[in-house]
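Coordinate-derived values only; no laboratory data. Computed from a prediction, not measured in an experiment: that's the story for all the values here. For neighbour counting, all protein chains shown are included, and Cβ atoms are generated from backbone atoms with ideal geometry for every residue, glycine included.
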Amino acid sequence: MLGLKLKNESSTLLLGSAIGKTIKSFNLQNFEIHLNGNLGAGKTTLVRGILQYFNWGDVVTSPSYTLCEEYELDGMLILHVDLYRITCPEDVEILNLDRQVEIQKVIFIEWPENLQTDRNVDVIINLDHDKQARHAAIECKDSDIEISIKTYYENN
């Protein structure tokens, strides 16, 4: 497990860039990341950093009310999902997360504990914050993914 202290918003955005580079490098057909953390822990900021790495120039908003924000860019479909208000599996099914696409699909799920089903997840990120900084605990199913994130983050 990789543990990082994120001193400020710029550090969180840099971690997003590291994850974006890793997603691009591994070029898996489907890449799924689960984001855990209290309100205000930095989940959407992290996704914004990833999207900025992929040259998304528009606003990135939390999908708290829409449940899913979709971005198609750079040969990818990116789904940013917030399950905070989800209470049953049928609500998740409506989002059609497992749809087949010809391009790479990347899924970010906030509040994954509300899924109520198992999914094939590549990275789990636990974000926490105190008065000084955010803390990220990153667990990857493949050690090469963890090494890639760590290397980019520490060298930039």
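Residue by residue, here is whether (1) charged (D, E, K, R); (2) within 18 Å of I149 (Cβ to Cβ) holds:
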{"residue": "M1", "(1), (2)": "no, yes"}
{"residue": "L14", "(1), (2)": "no, yes"}
{"residue": "E32", "(1), (2)": "yes, yes"}
{"residue": "K43", "(1), (2)": "yes, yes"}
{"residue": "R48", "(1), (2)": "yes, yes"}
{"residue": "W56", "(1), (2)": "no, no"}
{"residue": "V59", "(1), (2)": "no, no"}
{"residue": "P89", "(1), (2)": "no, no"}
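Is there a residue being of a type outside the set (A, V, I, L, M, F, W, C), under 20 Å from L6 (Cβ atoms), part of a loop (DSSP other than H, G, I, E, B) and touching a strand residue (DSSP E or B) at 6+ places or on another chain (Cβ under 6 Å) anywhere in the range 68-88?
To start, the set of residues in the range 68-88 that are of a type outside the set (A, V, I, L, M, F, W, C) comprises 69-72, 74-75, 80, 82, 84-85, 87.
If we keep only those that are under 20 Å from L6 (Cβ atoms) as well, we get 80.
Pick out the ones that are also part of a loop (DSSP other than H, G, I, E, B) and you get none.
No, because not a single residue in the range 68-88 is of a type outside the set (A, V, I, L, M, F, W, C), under 20 Å from L6 (Cβ atoms), part of a loop (DSSP other than H, G, I, E, B) and touching a strand residue (DSSP E or B) at 6+ places or on another chain (Cβ under 6 Å).
Could you tell me whether the range 79-92 includes any residue that is buried (at least 19 other Cβ atoms within 10 Å of the Cβ), among the acidic types (D, E), without any contact (Cβ under 8 Å) to a residue 60 or more places away in the chain and more than 22 Å from S11 (Cβ to Cβ)?
yes
Please verify whether K43 is in contact with an Asp or Glu (Cβ under 8 Å, 6 or more places away or on another chain) and either hydrophobic (A, V, I, L, M, F, W, C) or surrounded by 13 or more Cβ atoms within 10 Å (Cβ to Cβ) (or both), treating the condition exactly as stated. Before the answer, list the steps.
Numbers: in contact with an Asp or Glu (Cβ under 8 Å, 6 or more places away or on another chain): yes; either hydrophobic (A, V, I, L, M, F, W, C) or surrounded by 13 or more Cβ atoms within 10 Å (Cβ to Cβ) (or both): yes.
In short, yes.
Starting from the range 37-63, take each residue that is farther than 14 Å from N126 by Cα and list its partners that are aromatic (F, W, Y) and surrounded by 13 or more Cβ atoms within 10 Å (Cβ to Cβ), counting only C-beta distances under 8 angstrom and pairs at least six apart or across chains.
I50/F108; L51/Y71; W56/Y71
Could you list, in sequence order, all residues of the range 27-38 that are under 21 Å from R99 (Cβ atoms) and surrounded by fewer than 20 Cβ atoms within 10 Å (Cβ to Cβ)? Break it down into steps so the answer makes sense when it comes.
Looking only at the range 27-38, we keep the residues that are under 21 Å from R99 (Cβ atoms), and these are 27-35.
Passing the criteria: N27, L28, Q29, N30.
Those residues that are among the basic types (K, R) and assigned to a loop (DSSP other than H, G, I, E, B), I need them from the range 96-135; list them, please. First the steps, then the outcome.
Here is the first cut: in the range 96-135, the ones among the basic types (K, R) are 99, 105, 119, 131, 134.
If the condition is that a residue be among the basic types (K, R) and assigned to a loop (DSSP other than H, G, I, E, B), then R99, R119, K131 are the ones that fit.
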